[in-house]
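Here is the structure we will look at, set down as structure tokens.
Just so it is clear, none of the values below were taken in a lab; they were calculated from the coordinates. Everything numeric here is computed off the predicted structure, so don't read it as measured data. Cβ coordinates were reconstructed from backbone atoms using ideal geometry, including for glycine residues, and neighbour counts include every protein chain displayed.
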Amino acid sequence: MGDACGTIRTAPRRIRDVERDEILAKLRERIVAFAASHMTGDAAEDLAQEVLILLHEKYSHVEQLEDLVPLSLQIVRFKIISLRRKAQRRGEYNQVSLADIQVPDLEPGPGVMLERKAMLERLERAVAQLGERCRELIRLKLEGASFSEIQKRMGAASINTIYTWDHRCRKHLLELMGGDWEPEK
Amino acid sequence: MKREDLEKLLGGYATNTLSDAEQRELFAAALSDQDLFDKLAREQPLRELLQDPGARSRILEALGPARGGSERPRRAPLWRPWLLGFAAAAAAVLVIAVVVPRPKKFVPAPRTVAELRLPPPPVLQREPVKVLPPTGISKSRPQEPRRTAPRQLDQNAQLKLERRPPSATAQLPSAPALEPSAVAQPAAPLPSPAVSAMQSSAPAQGVLGGVAGGAFAPRAALGRVRPPADGVLLGLNLALHYRLLARKPDGREAEIAPATPLATGTPVRLSLEASDRGFLYVLERTSGNSWRTLFSTPAEAQRIYLVPSEGTLRYYEPGPREFLVLLTRQPQPQVAAADPDRLQALVAQAKQENAKRRQTMYAVSVDAVTPSQQVAADIVLNFR
């Protein structure tokens, strides 16, 4: 954590740093490829770079794989939304110089809130059309049960059965939502 | 796990259902597999939506009532005694469920961030009324006792009648007794609101609640600032409720007391909740004894903010780590670069109040409700 952790970067820390760097290198590769499907190649590179800078400077305390991946996906999404808005306003895609990089607070703005509201309404309609088993499974997930707890509560023979049920339910729900959680922009 | 099996874990990402082991497998695979990574990224909007408790509630409502029971058909014969007992209990529950009216729509109850209460208002001790027998009337003649109409007092005082002491009524026939509840109790001096809110340390009668609640005050005590039954409403003060969350080995977070010694490397987060709209800042004391901003956001009333919002804080060296949480009415963009003496004064004040209130996890401002109102909490984590 920046200054506060400056004194703790000792031997065991170095191993973690190496692991973190490896994760970040792979993340960068994946983010560039993912972003390239949403924007031009250069913009995708810039976006990945911005995400990594944020992870390095603001979120240096986040080290674990299970924390880094969701965080980077959240930042990627934030950045893509931000770039889209900018392009809509200006009528073009603008590359953001490093000096102009904003530090996002990752809080949803009014536009995101509106999109979320619309998504929630679509989701409500879609889940109501699911079969009884799927609704039960999703309910348990939303109530915070893990897959192993769901297995016990639904009386399934193995956890793989639950994985399969959940996979099918998710696929069905996604179809009911039109193939994507968010509507096409 | 095979590639196609890993894809089955995607459904648990948005709902945060995955265990640590499942997450590690899925994320590690996603780092090496672009298709899986893209699918994971496409789950992100749903994940963010479902992180909102309100959205979760609405989806749960749309899912309809819980079905209960197991997925598999029952195979055991119904004549077994324990099954009959279970069936009877279920029938009783069903009857209760049918008879007891339920609200049609789930409406979350308002929660209190902090609550200000004052001691019961003082009771005016009245001198017992002495009724002297009129001259010329026999002492043995019964006389109706006289009751004096209560006088109008100031707003905070409550008029109560005192039971006539035996000495005052000895010469009279039995007067109608007053209700025991009307008997005046010795009244404590009424402290000023600020003094009562800050000085109290135990949930005693009169002065209690979130302002000075214990470290793990029950959530039932949480709600909007509202007029207490036996106190005086002071207005909407700025209050902060903070909690310390530590992640257990199974991946779940649990609340712990701030004084709890933590093993180095323990993942922790802060949970902050403001009573009213404002601006939240979390500062961390650096090794150079200055402060740096760890987190800042405009805060909505009664919304929980996690610091950090993603990931956790981890410290690998033993020793204390100090944080200053600041909730202000007005934005303080350069709070960390503010006058160090001012910050130090805030810390000292917060420490003093913490000491008074033992392990409280609330902080409240009892100053007048003005735009400059602010509340500070000092949190020290001890790693060993």
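Each eigenvalue of the Cα gyration tensor of the range A:110-176, multiplied by 5 and square-rooted, gives one semi-axis; in descending order these are 26, 13, 9 Å. Counts of other chain beta carbons within 10 angstrom of each beta carbon in peptide A:17-26 average 1. Modelled label positions at A:Glu132 and A:Ala25, each set 7 Å beyond Cα in the direction of Cβ, lie 5.4 nm from each other. Inter-chain Cβ neighbour count for B:57-65, averaged per residue, equals 6 (cutoff 10 Å, partner chain atoms only). Model label sites at B:Met1 and A:Ile53, defined 7 Å from Cα along the beta-carbon direction, differ in position by 3.5 nm.
Which order, highest average first, do A:44-53, B:295-304 follow once you tally other Cβ atoms within 10 Å for each residue and take the mean per peptide? Walk me through the numbers on the way to the answer.
On the way: A:44-53: 19.8, B:295-304: 16.2.
Most protected by this proxy first, the peptides run A:44-53, B:295-304.
For the range A:141-184, the residues whose amide N sits under 11 Å from a probe point set 7 Å from the Cα of A:Arg125 along the beta carbon direction are A:177-178. Inter-chain Cβ neighbour count for B:269-282, averaged per residue, equals 0 (cutoff 10 Å, partner chain atoms only).
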